[in-house]
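**Student:** Dumping the structure here so I can ask a few things about it.
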Amino acid sequence: MITDEQIKAAILLKLYKRGNWGGSHTAFDNLKKGFKAKELGKGGLKRVNRMSRELIREGLLLAKPTYYGLQVSLNPRKNQAIRAIITRFFPEFE
């Protein structure tokens, strides 16, 4: 079973690999892609949504509401914190 912190790190890593910093966004719904509901346990993909919203509240993700849905990107001002979280759960990243 994946922990909440691992879900957050995986979301940040996904956006980092895509280069979604500041002005480069992706749809909020795309954050769920790549997670398997069985691995997430109780709550399933709703946990990914909850963790994504927590990342927005923590300031690690920037939210941009648009008429076609919520868009998110990594906060360039939190670069060091984002990299620290990713390397803690994915040591092979560095």
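Only the coordinates and a few stated rules stand behind these numbers; no lab work does. Bear in mind the structure is a predicted one, so any value in this text is a computation, not a measurement. We place every Cβ from the backbone using ideal geometry, glycine too, and count neighbours over all the protein chains shown.
**Student:** Restricting to bridges with both residues inside the stretch 4-93, how much of the DSSP beta-bridge set is antiparallel, in percent to the nearest 5? Kindly include the intermediate steps, with their values, before the conclusion.
**Tutor:** On the way: 8 of 9 bridges.
Percentage antiparallel, nearest 5: 90.
**Student:** Continuing with the same structure: For the chain, what is the charge dipole size about the Cα centre, in debye to the nearest 20, if Lys and Arg each add +1 at the Cβ and Asp and Glu each add -1 at the Cβ? Before the final figure, lay out the partial values.
**Tutor:** Working: 19 positive and 8 negative charges, 48 e Å.
About 240 debye.
**Student:** Please go through the residue pairs K8/K78; K8/K42; K36/K64; K17/K38; K14/K42 and name each one whose alpha carbons sit more than 20 Å apart in this structure.
**Tutor:** Pairs exceeding the cut-off: K36/K64; K17/K38; K14/K42.
**Student:** While we're on this one: Which is farthest toward the positive dipole end of the chain among A27, L55, L12, measuring Cα position about the Cα centre, with Cβ charges +1 (Lys, Arg) and -1 (Asp, Glu)?
**Tutor:** Among A27, L55, L12, the one farthest towards the positive end of the dipole of the chain is A27.
**Student:** Here is a follow-up. Can you work out ³J(HN,Hα) from phi for every residue in the stretch 52-68, in order, using Karplus 6.51 cos²θ - 1.76 cosθ + 1.60 and θ = phi - 60°, giving whole Hz and x for Gly and Pro?
**Tutor:** 5, 5, 5, 4, 5, 4, 6, x, 7, 10, 9, 9, 10, x, 10, 5, 9
**Student:** Remind me, relative contact order of the chain in percent, using alpha carbon pairs under 8 angstrom and six or more residues apart?
**Tutor:** This gives 36 percent for the chain.
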